[in-house]
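The structure under discussion appears below in the form of structure tokens.
Just so it is clear, none of the values below were taken in a lab; they were calculated from the coordinates. Everything numeric in this text was worked out from a predicted model, so none of it was measured. Neighbour counts run over all protein chains shown; Cβ positions are idealised from the backbone, glycine included.
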Amino acid sequence: MAAARGEFSSRFGFVMAAAGSAVGLGNIWGFPTQAASNGGAAFLLVYLVLAFTLAYPVLMAELIIGRFAHSNAVNALRRISPTPASGRVGVSVGVVGIVVASLILSFYAIVAGWMIAFGLSSGANLLGMNALADWLTSFSLSGNLLFMGIFMLMTIGIISAGVGGGIERWSARLMPLLLITLVSLVAYVLTLEGAMDGLKVYLLPDFERALSPKLIIAALGSAFFSLSLGVGTMLIYGSYISDRENLTALGGLVTLVDISIAVTAGFLVLPAMYAALASGVQIFTEGGALISEDTLIFTVLPELFSTMGLAGLIVSITFFFLMSIAALTSSISMLEVPVAFAIEEYGLARKKAVFIIGGLIAVASAVILLNFDTLFGLVVTVTTRYAQPLLGLCFCIFAGWLWRRDAILQELKKGNPEVAQGVFWKIWPWYIRFVCPVIIAAIFVQSLWG
């Protein structure tokens, strides 16, 4: 069954695809600005601890369920349910996850389109085409629709080629390119005046702030969302893993790569912010708070790049190219969630399913753009602040309370016969049952009350 559906051909291919799904715009701009707003190194320290104590166990729940079922989220949750009633709940959770993944992609494509436009704008400035450059960064409706459409076509093109020829092939190319680009930008930005001030904020912890409840909750949220958990992306990728692979090791590698990239992005964004400050660009509000993430990316950093002359244009092109890659590696996993469901539950051919669903999501993006002030923030809030934590909580309940423990162990033994004697099996079952639900519930409550 797994072979007919498609399967990752190598461990490297899976790690690159899963890490690519996890590494998105949130890692490159969200994590660093969260760190800057919450004590810098204190936030980083708490984040690192919680990423392995929260994100990794939930990631493993999705991977184990996915590989056991070798199927989409709806069918997978139905199969591990012990009763018809819990099976119906599982179907509902899977369907909601598909809808949420599609809605996330609908606004994600808009933001990714902005990244492409800003990168092209820098290229236009480099060629002296200033009028075109101004249009590209004007956030006009026509431009937004055009570049959202271009980004969706790129995503559709990759997914239509399947698991091996599309997802794995392109992830194995794009992720190393993302890493090389990110490290190159870090090396350059650290040479700028003021960059060391940002580096100090990022690396010298205020241990008193590390105990702040607000900081801890913020770090919990970043750790959870950094691995794109809760909407079934990791479950569907897990369903394409060979039974011969060691799931605990693979999950650890994905978590390590994702966290490493988020942390490395901090070495880029925080020094760049303080380099901008040293160049006279405002990065704080009148009240002393850090400016919002979108203002940072689309106003502060472009202003910094503009002070650097020709080198700034090249750095700007490189930076927005990096952001576009990060967006693309995430978007392909989001689109695969509803596509896999349509193929397996309704028998659609892959290309037909991809173009129909991709087209419907593009239409949803267009509706958001046409009603931007009303819908954009609403869709972002409903999906990421409310739906994702609740769906993540449901996955924990299914893995920790409803699925038989002996069935989970047998699934893990396929690629690791000695897993029962290891530390993972001694901790994970009760951890996913008791600790993770409490932590995720805390994130959700905090999101309700701000």
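One table, with the values for the structure above:
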read-out: 18 Å cut-off, amide nitrogen to a point 7 angstrom out along Lys200 Cα→Cβ, residues in the range 280-310; value: 280, 283-284
read-out: Angle between the chain longest axis and helix 56-69 axis [Cα atoms, degrees, rounded to 10]; value: 50 degrees
read-out: Sum of side-chain charges, Ile241 neighbourhood, beta-carbon under 15 Å (Lys, Arg +1; Asp, Glu -1); value: -1
read-out: Packing-based exposure ordering (other Cβ within 10 Å, fewest first) of Tyr237, Tyr108, Tyr188, Tyr386; value: Tyr386, Tyr188, Tyr108, Tyr237
read-out: Gain in span if fully extended, Phe372 to Leu360, counting 0.36 nm per residue against the direct Cα distance; value: 2.6 nm
read-out: Descending principal axes extents, the chain, alpha-carbon based, whole Å; value: 62, 52, 39
read-out: Tail fraction, Cα-Cα pairs, the range 305-450, threshold 28 Å, whole percent; value: 51 percent
read-out: Difference of contour (0.36 nm per residue) and Cα-Cα distance, Ser9 to Ala289; value: 96.0 nm
read-out: Helical mean residue ellipticity (222 nm; -39500 (n - 2.57) per DSSP H run of 4+; nearest 500) of the chain; value: -23500 deg cm²/dmol
read-out: Candidate lysines - alpha carbon under 24 Å from Lys214, same-chain residues fewer than 8 apart omitted; value: Lys200
read-out: Most to least packed among 203-213, 357-367, 256-266 [average Cβ atoms within 10 Å]; value: 256-266, 357-367, 203-213
read-out: Alpha carbon centroid spacing (whole Å) that separates the range 382-442 from the range 138-196; value: 32 Å
read-out: Set of lysines near Lys426 by C-alpha distance (under 28 Å), chain-local residues within fewer than 8 positions excluded; value: Lys413, Lys414
read-out: Sorted by Cβ neighbour density within 10 Å, fewest at the top, the residues Glu62, Glu168, Glu193; value: Glu193, Glu168, Glu62
read-out: Residue-span extension gain [Val49 to Glu303] - 0.36 nm each, minus C-alpha spacing; value: 88.0 nm
read-out: Gln282-Val95 pseudo-label distance in nm [points 7 Å out on the Cα-to-Cβ vector]; value: 5.0 nm
